[in-house]
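Read through the structure below, which is laid out as structure tokens, and then see the notes.
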Amino acid sequence: MLTTNPKHTGNLANTDLLRSPLFTSWKDPVSGVESFLLSRRVAPLQQSFYFVNPSLTDDGRYYWFYCSFPPGGNANYGRSLAVADLWENRIHHYPETLFLDASPLVDLSTGEVYWCTGSEVWKRGPKPEDQPVFINRFPVELANNRRLWRLSTHLTFSADRTALNFDAEVGLEWFVGHIPLDGGEVVVWQKFDRCYNHGQFSPTDPDLQLIAQDNFVHPLTGEINSLANRLWLIRRNEKARPVYSREIPMKSEVFVQNGHYENERPSRVHDERIMHGHEWWSADGQYIWYVHYGVGVERIPAYGAPVADLIWPLNHVSHGHADESGKLVVVDCLPPDRPEEGRVAFYNRETGRKINIVSLIPYPDDRQQSYHVHAHPQFCGGDRYICYTTTVLGGIDVAFTLVDELVDKTS
């Protein structure tokens, strides 16, 4: 089995993850960093989870990942889940796990996976003999015969492990709240008339969620409604409040265009808060990390004055993640107008040194992009590994790299 020491110690070269015949070694031709690609296939496209939801269990046995079967499905609905049993060197695909958005969440202690399908939340265990179990559903009176576009962008557990978050979108209404795991009444914390999504429970406070004001498309006209202030916090029994309550004027003229929408014209940005995105909690719940597009990776205190700390200056960062200590950071850089600059990179804050995990990550074709094929790197396995989605072998594959090797190369 995988070694379970939670920090960067031990002889990782001898762990089963690296010895497993499920993986193939690949070295970046420029940096020399070694990654291990999940080469055993059960689907044409195999992706890592969205970066805020790790999917490698604490004991190192089970690794869950997304599966796509082109031309079926897209990033909103139609992908399903498979699990690699790293002790038995087997992979099992479960087609009944068709999920909405990036909702799947793994209980890292049991190996059970939760996901949203339609208006419902289900779970199942990792073994073939396990059966799907119904958890709860969005209230029918709120749905009012309408189809949910989203139930939860990505599920997270409350700190007391009694509930899951939701940020439902139905028609032109958005609901944020929690879903009890015991099947109890679903509780709406607030209803909105514009899009708030990417909800994430605080890892330490069961009554607090981080939510994101986001762009949205009118379901009838196709009109694009742009966000004005990305980062918000919502506490149970209170109204949502912006993390940055005052406008932050842009220092220079900037025009932006959202790559998720077709036929959108670039628009001038006047407020820095529009340039924030892809946020996540620190492990101790004390900080909110986020990408400041055109600037880099930043973090701010979750409590008190929002004074930003620029962690890693980067012009073209897309997503980021940090280890539990906050001293190690990983990003993907995917500038849509400069595909030759696509990469996955690592930063050791203690030494100030950086290294590319993938120096050039090829962009998938247009059809594959409909599955939201981004690297989405994340620390996992007690911060022993970084997991990400890669395209270096011409397909869409899951990859791991060792944090110890990256620390050694940046010391």
- [ ] Any chance you could count how many residues in region 228-272 are surrounded by 15 or more Cβ atoms within 10 Å (Cβ to Cβ), in contact with a helix residue (DSSP H, G or I) (Cβ under 9 Å, 6 or more places away or on another chain) and modelled with pLDDT of 90 or more?
- [x] 6
Open item on the list: Can you find, within region 293-315, the residue that is least open to solvent (accessible area, probe 1.4 Å) among those that are free of Cβ contacts under 8 Å to residues at least 24 places away in the same chain and not in a loop (DSSP other than H, G, I, E, B)?
Closed with: GLY296
TODO: Tell me, yes or no, whether region 44-54 has at least one residue that is open to solvent by 20 Å² or more (accessible area, probe 1.4 Å), out of contact with any Ser or Thr (no Cβ under 8 Å at 6 or more places or on another chain) and either touching a residue at least 40 places away in the same chain (Cβ under 8 Å) or part of a loop (DSSP other than H, G, I, E, B) (or both).
DONE: yes
Task: Considering residues of region 204-219 that are out of contact with any strand residue (DSSP E or B) (no Cβ under 8 Å at 6 or more places or on another chain) and open to solvent by 30 Å² or more (accessible area, probe 1.4 Å) only, the residue modelled with the lowest pLDDT - done: PRO219
TODO: Within region 91-118, work out how many residues are in contact with a strand residue (DSSP E or B) (Cβ under 8 Å, 6 or more places away or on another chain), closer than 27 Å to PRO203 by Cβ and either open to solvent by 10 Å² or more (accessible area, probe 1.4 Å) or in a strand (DSSP E or B) (or both).
DONE: 14
TODO: Sort out which residues of region 77-90 are open to solvent by 30 Å² or more (accessible area, probe 1.4 Å) and in contact with a strand residue (DSSP E or B) (Cβ under 8 Å, 6 or more places away or on another chain), and write them in order of number.
DONE: TYR77, ARG90
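Residue-wise test of (1) in contact (Cβ under 8 Å) with a residue 24 or more places away in the chain; (2) of a type in the set (A, V, I, L, M).
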position	(1), (2)
ALA159	yes, yes
ASP167	yes, no
CYS195	yes, no
LEU208	yes, yes
ASN215	yes, no
GLU223	no, no
LEU231	yes, yes
Task: Enumeration of residues in region 346-356 that are in contact with a Lys or Arg (Cβ under 6 Å, 6 or more places away or on another chain) and crowded, with 21+ Cβ neighbours inside 10 Å - done: TYR347
Open item on the list: Which count do you get for residues in region 66-79 that are closer than 25 Å to LEU360 by Cα and either without any contact (Cβ under 8 Å) to a residue 24 or more places away in the chain or out of contact with any Ser or Thr (no Cβ under 6 Å at 6 or more places or on another chain) (or both)?
Closed with: 4
Task: Residue check, ARG384 of a type in the set (Lys, Arg) and farther than 26 Å from ARG19 by Cα - done: no
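For every residue, the table says whether it meets (1) surrounded by 17 or more Cβ atoms within 10 Å (Cβ to Cβ); (2) outside any strand (DSSP E or B).
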position	(1), (2)
ASP130	no, yes
LEU148	yes, yes
ALA159	no, yes
PHE175	yes, no
ASP182	no, yes
GLU185	no, yes
VAL188	no, no
Task: region 321-342: number of residues that are assigned to a strand (DSSP E or B) and touching a Gly at 6+ places or on another chain (Cβ under 9 Å) - done: 5
TODO: Please work out which one of (1) more than 25 Å from GLN46 (Cβ to Cβ); (2) in contact with a His (Cβ under 8 Å, 6 or more places away or on another chain) is the condition TYR303 fails and give its number.
DONE: (2)
Task: Those residues of region 133-145 which are in a loop (DSSP other than H, G, I, E, B) and exposed (fewer than 14 other Cβ atoms within 10 Å of the Cβ), in sequence order - done: ASN144, ASN145
TODO: Considering only region 373-411, state which residues are over 23 Å from ARG41 (Cβ atoms), crowded, with 24+ Cβ neighbours inside 10 Å and polar (S, T, N, Q).
DONE: none
TODO: Could you give me the residue pairs with C-beta distances under 6 Å whose first residue belongs to region 118-135 and is over 20 Å from SER152 (Cα atoms), whose second residue is part of a loop (DSSP other than H, G, I, E, B) wherever it lies, and which are 6+ apart or on separate chains?
DONE: GLY125/GLU112; PRO126/GLY111
Open item on the list: Checking the conditions here, which among ASP107, ASP130 is closer than 19 Å to ASP182 by Cβ and at pLDDT 95 or above?
Closed with: ASP107
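The values are calculated or read from the model by the stated rules, or taken from the named source; none is laboratory data. None of these values were measured; they are calculated from a predicted model. A quick note on method: Cβ atoms are made from the backbone with ideal geometry, for glycine too, and the neighbour counts reach across all protein chains shown. Quick note on the areas: whole protein, heavy atoms, side chains included, nothing else; ligands and nucleic acids left out. Shrake-Rupley method; radii C 1.70, N 1.55, O 1.52, S 1.80 Å.
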